[in-house]
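*Asks:* Please read through the structure below; I'll follow up with questions.
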Amino acid sequence: MAQSLSQIYIHLVFSTKDRAPVIKSDVQPRLHAYLAGTCKAINCPSQKIGGVADHVHLLFRLSRTISMSDAVKALKTESSKWMKADGRCPDFAWQGGYGAFSISPAHVAAVETYIENQAEHHKTKTFQEEFRTLLAKYGVSYDEAYVWD
């Protein structure tokens, strides 16, 4: 086969450092748009980006030319710089880790809806509760002592 083809959907989740609620509602749409631009720049087209004051969710297609860790590094580094620029949030930082979950093409619409409804969802559930649920749903084993920073 001469071509290398792939279609890998990723649901990526990461929070602000110490889950600080610093992504204000007026900044969220612009941050999400900036993250979408970063996805495009690294050839990982975004499907849906959303979140609340202390974390973001991204659904994107992972390019066959970049590793997951390099994609996350680019997304966090560039968006962190953007958040610090112009005094938006001078001390802004993302948590050290992340959760990345592969999504079947058949489940893309459901994950998009899930991401769209983050504000409503987090009226009753914390980021930590949500993240534990995602880890369980995708069968990811973890040590609670090392999940949060």
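*Asks:* Ignoring ligands, DNA and RNA, what percent of the accessible area of the chain is carbon or sulfur (1.4 Å)?
*Replies:* Carbon and sulfur: 51 percent of the exposed surface of the chain.
*Asks:* May I ask for the percentage of alpha-carbon pairs in segment 91-149 that lie more than 18 Å from each other?
*Replies:* 46
*Asks:* For the chain, what is the Kirkwood hydrodynamic radius in Å, using each pair of distinct C-alpha atoms?
*Replies:* 15.8
*Asks:* Using a 1.4 angstrom probe with every protein chain in place, what is the largest-first accessible-area order of Met83, Met68?
*Replies:* Most to least solvent-accessible, the answer reads Met68, Met83.
*Asks:* For segment 41-83, build the convex hull from the C-alpha positions and give me its volume per residue in Å³. Write out the running numbers ahead of the final one.
*Replies:* Working: hull volume 3.1 nm³, N = 43.
With only Cα atoms used, segment 41-83 gives 73 Å³ per residue.
*Asks:* Report, in listed order, any pair from Lys40/Lys81; Lys17/Lys48; Lys84/Lys137; Lys40/Lys123; Lys81/Lys137; Lys24/Lys48 with a Cα-Cα distance greater than 24 Å.
*Replies:* Lys84/Lys137; Lys40/Lys123; Lys81/Lys137
*Asks:* Could you tell me which helices of the chain pass both thresholds, a Cα extent of 18 Å or more along their own axis and a mean Kyte-Doolittle hydropathy of at least 0.5, with helices taken as whole DSSP H runs?
*Replies:* Details: long enough: 28-41 (20 Å, -0.26); 68-84 (24 Å, -0.66).
Taking the DSSP H segments of the chain (at least 18 Å long, mean hydropathy at least 0.5), we get none.
*Asks:* Quick one: accessible area per residue over the chain, 1.4 Å probe, rounded to a whole number of Å²?
*Replies:* That works out to 55 Å² for each residue.
*Asks:* Which residues make up the longest stretch of the chain that has no trypsin sites (Lys or Arg not before Pro) in a DSSP loop with at most 16 other Cβ atoms within 10 Å? Present the calculation step by step, with values, prior to reporting the outcome.
*Replies:* Working: sites that count: Lys24, Arg64, Arg88, Lys123, Lys125.
Value returned for the longest uninterrupted segment is 25-63.
*Asks:* For Thr133 paired with Ala33, estimate the spin-label separation in nm (one decimal), with each label point 7 Å from Cα along the Cα-to-Cβ line.
*Replies:* Taking the simple label geometry, Thr133 and Ala33 are separated by 3.0 nm.
*Asks:* Give me the distance in nm between label points sitting 7 Å out from Cα along the Cα-to-Cβ direction at Ser80 and Ser25, one decimal.
*Replies:* Placing both labels 7 Å beyond Cα along the Cβ direction yields 2.9 nm.
The values are calculated or read from the model by the stated rules, or taken from the named source; none is laboratory data. Owing to the predicted nature of the structure, the values given are computational and were not obtained by experimental measurement. Quick reminder, even Gly has a Cβ in these numbers, built from the backbone with ideal geometry, and neighbours come from all protein chains shown. Just so you know, the surface numbers come from the protein's heavy atoms only, side chains and all, with ligands and any DNA or RNA stripped out. Shrake-Rupley method; radii C 1.70, N 1.55, O 1.52, S 1.80 Å.
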